[in-house]
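Input: a single structure, listed below in structure tokens.
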Amino acid sequence: MLYFRTVKLGTKSLLLHPMRSLLTVLGIFIGVASVIWLLAIGEGISKEAQRQIEDLGAENIIIRSIQPPDESGGNFRQITAFGVTRNECKLINDTISTVKRVLPIRELSQKFAYTGNPNVKPVDGRLVGCTSDYAEVTRLEIERGHFLTTREVELNRPVCVIAARLADKLFPSEDPLNKQIYLPEKKELFKIVGVLKHRNATAAIGGSLAAQDFSLDIYIPVTTMRARMTDQETKRSGGSFSSKLFELSQITVQVKSADDVPRTAELVEATLRQNDPNRQDISVVVPYELLEQAKTTRLMFMMFMGLIAAISLIVGGIGIMNIMLATVTERTREIGIRRALGGKQRDIVLQFLVETITLSIVGGITGILMGLLCPVVIDVSRWGLEYFAPQLYAGLPEVARVMRPTIVPISIPVAFGISVVVGVFFGLYPAVRAAQLDPIEALRHE
Amino acid sequence: MSETSTRMAAVIRDLQKHYVLKSETVRALRGVSFDVPEGDYVAIMGPSGSGKSTLLNLLGCLDQPTHGSFLLGGDDVAQMTDDELSTIRASRIGFVFQSYNLIAQLSVVENIEVPLYYMGNLNAQSRKRSIELAKMVGLGERLDHRPTQLSGGQQQRVAIARSLVNDPYFILADEATGNLDSVTTEEILALFQRLNDEGKTIIMVTHEDEVAEHAKRVIRLRDGEIQFDKPVEGRKVFTVEQIQEIAHNADVATRSAD
């Protein structure tokens with residue numbers, strides 16, 4: 001009953017200055033909401049990063065070929081081969097017992113055209129030579145038709161599977177299946193046997209964690225690629241030619257179990273560098289290690305976010321203290337009256353403390369509600385941005401577009417608890433100061 | 001002492017109060033002694049600097065004497081802690097101030113209840129009592145009004161109702177009519193007399209002779225000592241009819257203000 005009265009009185013006193021109370025609550029509100037928001041966004045981003053790394057496959061080891069800097073001064077007679085070779089690919093597969101399978105991959109930038117429809121312009125894309133396992137390992141899903149089969153790879157068939165966006169571009173009004181795609185630079189035709197599902201861009205196979213776009217890919221058997229295009233790739237740009245010689249762009253080593261990954265990675269690296277320990281034309285990426293790193297990064301990221309949120313809560317707390325000090329000065333007379341009418345010092349402390357706690361609880365609860373709205377607000381603002389400023393939206397980093405904020409459950413009680421603690425902590429000093437006023441002086445105060 | 005025919009509301013013996021200001025000591029009260037029997041109506045007078053305010057603060061248990069004793073219902077207030085003084089103020093003293101001193105965010109009835117709130121005696125019965133007191137001072141229809149919605153006289157009547165709610169040993173009125181016009185002053189003085197007639201003890205501090213003339217007894221202070229302590233000669237007394245008329249007029253004024 002008495003506590004109820006105290007709370008009721010506190011509320012009444014606060015409502016005497018609604019604007020002031022509102023602004024004070026706002027400080028806590030922003031603090032609490034930002035704790036929840038920042039943690040939710042942080043969690044969302046790191047989950048997204050984790051997902052992208054997992055897309056690479058935690059049980060995979062990726063070896064990329066890297067073209068060394070051109071030292072020949074444009075003299076293309078001295079073209080030297082670089083990168084991983086088919087022999088090395090075979091060697092890894094045959095000698096390391098923990099390896100489940102090895103995927104050779106060769107990638108070229110190409111123009112793709114469809115001659116059946118004169119309105120369709122050639123599209124720049126990526127030609128990927130691979131084997132039938134590629135779809136499974138990189139988790140590509142087929143929309144229609146089938147992915148390259150073992151038989152098609154063995155028999156060097158001129159067939160291809162195309163990614164969804166490329167299909168949309170080249171075949172806006174036709175069924176791409178069984179149509180021929182033309183490669184003007186190579187003067188080759190490939191028959192389409194499958195179309196992939198739409199897929200979000202994901203971490204690069206290069207392991208740079210920059211998002212890679214699969215949506216303009218064409219997959220052909222790596223054997224066909226070798227037979228028809230050789231290992232030398234010559235490009236004409238302007239009046240000059242540039243040429244490079246490499247067997248494979250990448251090999252993806254799939255390990256039998258994720259636990260074996262670190263050991264296998266060492267063996268793979270040792271195998272590849274057995275002749276030249278300082279070999280510069282390859283890089284070995286281990287998503288498993290990236291995943292471990294990402295977990296550490298996530299922790300630091302969350303701590304950082306938490307710190308920023310904590311600062312905003314403290315600022316909110318200082319706001320409370322500021323207001324309560326002003327209130328105490330302003331209500332000195334009231335304090336004097338209450339003391340004269342029998343209020344003990346602790347009654348006065350309690351009265352002002354109840355007011356600050358009420359402010360911080362209101363701020364805390366509304367802040368939590370706002371915090372819970374985080375995913376909705378982000379979705380709505382993404383939608384709004386996409387609708388009203390599509391170019392700006394397209395310019396956003398991939399992660400900002402696909403990231404789903406994830407409310408961290410613990411952040412809700414923590415944020416609320418901190419807001420109450422802040423209220424008590426920053427309210428205590430003004431309250432004690434109020435209680436220690438001399439009643440006679442306080443009564444005389446105008 | 002309480003066994004005697006007239007019981008004492010307050011017994012003051014050799015009360016002294018010194019303030020230490022930097023190097024010098026100000027002796028605001030230099031040994032004041034008097035009794036206040038129950039049912040008395042005392043006016044404490046004196047020019048500024050006479051120790052009037054100091055005595056008021058001591059009588060109100062807002063301050064403690066440097067020397068001497070102040071017996072309030074047999075307990076020596078001079079020896080009490082801050083918390084005990086607070087309890088005494090809540091339960092045994094009824095304050096009426098010059099500037100009413102109602103709490104702005106509380107309604108009439110809630111203001112009346114404040115001393116009970118600090119005594120921890122808030123219940124349905126106390127609410128009933130507060131409402132009765134509000135009716136007694138003619139504000140029964142304004143229970144939910146805020147102080148800012150009331151005139152000065154009305155606010156002072158609320159303050160008087162508040163001073164009665166804890167059934168105090170005495171009502172301590174500090175220049176209770178100082179902010180009021182002559183009509184309202186009369187209204188308040190009539191109310192005091194009525195309460196005194198009903199047996200309430202009243203101690204009022206004033207510098208106005210016209211106000212003091214309504215008391216039964218005047219104590220005049222000068223330089224921290226009692227100059228004289230004597231019954232009021234030719235005391236002004238309201239007749240019962242006058243009291244009723246004043247109360248009626250105040251009632252009418254209250255109603256017409258609505």
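Values in this text are rule-based calculations from the coordinates and carry no lab data. Since the model is a prediction, treat every value here as computed from it, not as a measurement. Cβ coordinates were reconstructed from backbone atoms using ideal geometry, including for glycine residues, and neighbour counts include every protein chain displayed.
In table form, for the structure just shown:
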read-out	value
Residue-averaged beta-carbon neighbours from other chains (10 angstrom radius) around B:161-168	1
Dipole of the range A:60-256, positive end: most advanced residue of A:P172, A:S109, A:A135 [Cβ charges, Cα centre]	A:P172
Degrees, to the nearest 10: B:108-119 long Cα axis against longest axis of chain B	40
Selected from A:L16, A:L248, A:L290 as most flexible by GNM, with chain A as the system and alpha-carbon contacts under 10 Å	A:L16
The range A:280-402: translational diffusion in µm²/s, Stokes-Einstein, Kirkwood Rh over Cα pairs, 20 °C, 1.002 mPa s	107
Under-5 Å amide H pairs with B:R217, H placed in peptide plane, nonlocal only	B:Y41, B:A43, B:V232
Gyration tensor (Cα) of the range A:1-144, equivalent ellipsoid semi-axes in angstrom	62, 24, 19
Histogram of C-alpha separations across the range B:197-258, 10 Å bin width, %	18, 36, 28, 14, 4
Cβ-based net charge around A:I378, under 11 Å, with every Lys or Arg adding one and every Asp or Glu removing one	+2
Sorted by Cβ neighbour density within 10 Å, fewest at the top, the residues B:S86, B:S126	B:S126, B:S86
Computed helical MRE - 222 nm, chain B, DSSP H runs ≥ 4 contributing -39500 (n - 2.57), nearest 500	-11500 deg cm²/dmol
For chain A, alpha-carbon Rg relative to the globular expectation (2.2 N^0.38 Å, N residues)	1.47
Between helix A:345-372 and chain A: long-axis angle, C-alpha atoms, 0 to 90°, nearest 10	20
Amide hydrogen neighbours beyond the local backbone of B:E38, cut-off 5 Å, H modeled	B:R7, B:M8, B:A9
For residues of A:341-353, the mean tally of beta carbons on other chains within 10 Å	5
Helix-derived mean residue ellipticity, 222 nm - over chain A, DSSP H n ≥ 4, -39500 (n - 2.57), to 500	-17500 deg cm²/dmol
Antiparallel bridge percentage (DSSP; both residues within the range A:60-256; nearest 5)	75
Estimated vicinal HN-Hα couplings, Hz - the range B:149-165 in sequence order (Karplus 6.51, -1.76, 1.60; Gly, Pro = x)	8, 10, 6, x, x, 5, 4, 5, 5, 4, 4, 5, 4, 4, 5, 8, 5
Helix A:374-388 axis, angle to chain A major axis (alpha carbon atoms, nearest 10°)	60
For A:W37, A:W383, order by how many other beta-carbon atoms lie within 10 Å, fewest first	A:W383, A:W37
Cα pair distances in chain B, grouped into 10 Å bins until the bin that holds the longest one, percent each	7, 30, 35, 21, 6, 0
Per-residue mean of C-beta atoms belonging to partner chains within 10 Å, peptide A:13-24	1
Kirkwood Rh in Å, taken over the range B:28-159 so that all alpha-carbon pairs contribute	16.7
Nonlocal amide H pairs with A:R101, under 5 Å, H built at 1.01 Å	A:Q254
Rotationally averaged projected area of the range A:96-196 (alpha carbon convex hull; nm²)	7.0
Of A:E185, A:E247, A:E54, the one that fluctuates the most in a GNM where chain A has Cα springs shorter than 10 Å	A:E185
Kirkwood-based Rg to Rh ratio, the range A:60-256, C-alpha trace	0.96
Ordering of A:101-113, A:220-232 by burial proxy (mean other Cβ atoms within 10 Å per residue, highest first)	A:101-113, A:220-232
Under the Karplus curve 6.51 cos²θ - 1.76 cosθ + 1.60, θ = phi - 60°, whole-Hz ³J(HN,Hα) for the range B:72-79, x wherever Gly or Pro sits	10, x, x, 9, 7, 5, 4, 9
